[in-house]
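Before any comments, here is the structure.
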Amino acid sequence: MKAVVRTEYGPPEVLHLTEIEKPVPTDDEVLIKVRAVSVNGSDREGLVGRPLYARIGGLRKPSQHILGSDIAGRVETVGKNIQQFQPGDEVFGEIPGYGGGFAEYVCIPERRLVLKPAQMTFEEAAALPQAAVIALQGIRDKGQVQPGHQVLINGAGGGAGTFAVQLAKLYGAEVTGVDHTDKLDFLRSLGADHVIDYTREDFTKTGQQYDLILDVIAHRSVLAYRRALKPTGSYFCVGGSVATLFQILLLGPWIRRRTGKRIRMLMVQPNREDLVTITELCEAGKIVPAIDKRYPFSETPEALRYVGEGHVKGKVVITVE
Ligand SMILES: NC(=O)c1ccc[n+]([C@@H]2O[C@H](COP(=O)([O-])OP(=O)(O)OC[C@H]3O[C@@H](n4cnc5c(N)ncnc54)[C@H](OP(=O)(O)O)[C@@H]3O)[C@@H](O)[C@H]2O)c1
């Protein structure tokens, strides 16, 4: 089969379209013919090996040679323990280990897959798993957003952020989206009540305080985040600089004891139930995957380059024909 492979960290030039062995499913796996795969922030980080946590499993050289975690496609064959899917089913999901999706075929455990609704395109389905589940767990589960809460999403115009804005609105919050100048109208179109341009204003210095801050691109000190929280507020970091992550781990519990404010990491737990919830919300028209651009499979390096340059509104999806 064809796959986009790399053997070192670096720019999109390290990616090569090549022929490799088609994978064979274990008894608990499903072999899928990939029709679409989306690009996440984690692919961009995994490609270049930055921040440092993107090198877990391979400090000098990547152990994961094929990036791409969120796929949609058609079931080709199933392992002998598979109960819920059969050849021909249209499915989508997130591959454990954040890789393997930039390929014509991939094997995925049954528990990571859901059926794709007929009216949803493969591209729309591939845009959902990682980004929308991060947002759901951040807004609904950890954030416990209630009507009237003031919620700020930092990095609101990217993959996870666009879902977080829509979900926070759905749960009745007053939402502030922070992102680049180019994306402010886009954020308003998703439902954001207020927008902040990160190139001009630091949301931790406006004097405004929030019930929940969901941060997909943390790079400030925890003291800045503490300042921007209401007395009972919570801050959850999904991704960001290693320095900030360490500060959160070391000082978050101390801030909690001193002030009652929660400053924590959000470790996302991929699961089928949340993906089903997201699918139902999409089917009901309550949230939509925002797809900025589509690329053919042969142009996967260009897709990664586009994502790496910034300014993507929502998601980039690769179509695998
Ligand atoms: N915690 C977990 O369990 C877990 C699991 C999976 C993934 N993750 C992490 O989740 C993150 C999610 O990323 P994603 O896919 O949503 O990324 P993304 O699509 O790249 O979105 C990031 C957004 O942040 C914006 N941004 C850049 N600099 C900013 C700044 N200084 N202030 C505010 N916004 C800024 C970007 O805008 P520009 O266009 O201007 O760059 C972009 O719109 C990744 O770091 C990934 O590693 C965490």
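Kirkwood Rh over Cα pairs of the range 201-321 into Stokes-Einstein at 37 °C, 0.692 mPa s: D in µm²/s?
Numbers: Rh = 17.0 Å.
Answer from the Stokes-Einstein relation: 193 µm²/s.
Dipole magnitude of the range 176-321 about its Cα centre, charges +1 at Lys/Arg Cβ and -1 at Asp/Glu Cβ only, in debye to the nearest 20?
For this selection, approximately 1000 debye.
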Need one number: nm distance between label points at THR18 and VAL242, each 7 Å from Cα along Cα→Cβ, rounded to one decimal. 2.7 nm
In terms of the Cα gyration tensor, with a ≥ b ≥ c the square roots of its eigenvalues, is the range 256-321 rounded because a/c is under 1.5, prolate because a/b exceeds b/c, or oblate? oblate
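Hey, what number do you get for the chain at 222 nm if only DSSP H runs of n ≥ 4 count, each worth -39500 (n - 2.57), divided across all residues, to the nearest 500? It would help to have the intermediate numbers written out before the result.
Numbers: 9 runs with 85 residues, N = 321.
Here the helix-only value at 222 nm equals -7500 deg cm²/dmol.
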Work out, step by step, the length gained on full extension between GLU302 and ASP182: first 0.36 nm times the residue separation, then minus their alpha carbon distance; give nm to one decimal. 41.1 nm
D (µm²/s, integer) via Stokes-Einstein for the chain, Kirkwood Rh across alpha-carbon pairs, 25 °C, 0.890 mPa s: value 123 µm²/s
Work out Dmax and Rg for the range 45-179 from the C-alpha atoms and quote the Rg first, both in angstrom. 17.2, 50
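For the range 9-87, take the alpha-carbon Rg, divide it by the Kirkwood Rh, and send me Rg/Rh. List each step's numbers first, then the result.
Numbers: Rg = 15.1 Å, Rh = 14.6 Å.
Rounded to two decimals, Rg over Rh is 1.04.
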Report the Cα centroid-to-centroid distance between the range 270-316 and the range 214-260 in angstrom, as an integer. 27 Å
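Could you sort the peptides 189-202, 69-82, 296-309 by per-residue average Cβ neighbour count (10 Å cutoff), highest mean leading?
Working: 189-202: 16.1, 69-82: 20.6, 296-309: 18.6.
Most protected by this proxy first, the peptides run 69-82, 296-309, 189-202.
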Give me the extension gain from THR277 to GLU321: residue separation times 0.36 nm, minus the current Cα-Cα distance, reported in nm with one decimal. 13.0 nm
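Calculate, for MET1 and ARG50, the FRET efficiency according to 1/(1 + (r/R0)^6) with r their C-beta to C-beta distance and R0 25 Å; round to the nearest 0.05. Mind dumping the intermediate values first?
On the way: r = 29 Å, r/R0 = 1.18.
The formula returns an efficiency of 0.25 here.
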Over the range 162-252, how many percent of alpha carbon pairs lie in each 5 Å bin up to the one with the longest distance? 3, 13, 24, 26, 21, 10, 3, 0
Can you find, among ASN81, VAL14, PHE203, the residue sitting farthest towards the positive end of the charge dipole of the chain, where Lys and Arg contribute +1 and Asp and Glu -1 at Cβ? PHE203
For the chain, the charge dipole (Cβ of Lys, Arg +1; Cβ of Asp, Glu -1; about the Cα centre) points to a positive end, and the Cα of GLY138, VAL4, PHE236 closest to that extreme belongs to PHE236
Can you find, among GLY252, LEU128, CYS107, the residue sitting farthest towards the positive end of the charge dipole of the chain, where Lys and Arg contribute +1 and Asp and Glu -1 at Cβ? GLY252
Percent breakdown of C-alpha pair distances by 5 Å bin, ordered from the shortest bin, for the range 60-139: 3, 14, 25, 24, 18, 10, 4, 1, 0
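Please identify the helices of the chain, taking whole runs of DSSP H, that span at least 30 Å along their own axis as judged from the Cα atoms and have a mean Kyte-Doolittle score of -0.5 or higher.
Span-like helices in the chain: none at all.
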Just order 267-276, 29-38 by mean Cβ neighbour count inside 10 Å, highest at the front, would you? 29-38, 267-276
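Quick one: of LYS61/LYS169; LYS33/LYS286; LYS2/LYS183, which pairs are farther than 32 Å apart, Cα to Cα?
Values: LYS61/LYS169 42 Å; LYS33/LYS286 29 Å; LYS2/LYS183 35 Å.
As for pairs spanning more than 32 Å Cα to Cα, those are LYS61/LYS169; LYS2/LYS183.
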Based on Cβ point charges of +1 for Lys and Arg and -1 for Asp and Glu, what charge dipole magnitude is obtained for the chain about its Cα centre, in debye rounded to the nearest 20? 1440 debye
What ³J(HN,Hα) values, in whole Hz, does the Karplus curve 6.51 cos²θ - 1.76 cosθ + 1.60 give for the range 215-226 when θ = phi - 60°, with x put for Gly and Pro? 10, 8, 8, 6, 8, 9, 7, 5, 5, 5, 5, 4
Relative contact order (%) - the range 244-306, alpha-carbon pairs under 8 angstrom, separation at least six: 17 percent
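Could you tell me the calculated FRET efficiency between HIS194 and ALA224, based on Cβ-Cβ distance and R0 = 25 angstrom, to the nearest 0.05? Could you put the intermediate results ahead of the total?
Details: r = 19 Å, r/R0 = 0.75.
So the FRET efficiency works out to roughly 0.85.
Computed from the coordinates by the stated procedures, all read-outs in this text should not be read as laboratory data. A quick note: this is a predicted structure, and the numbers were derived from the prediction, not measured. No Cβ is skipped: glycine too gets one built from the backbone with ideal geometry, and neighbour counts run over all protein chains shown.
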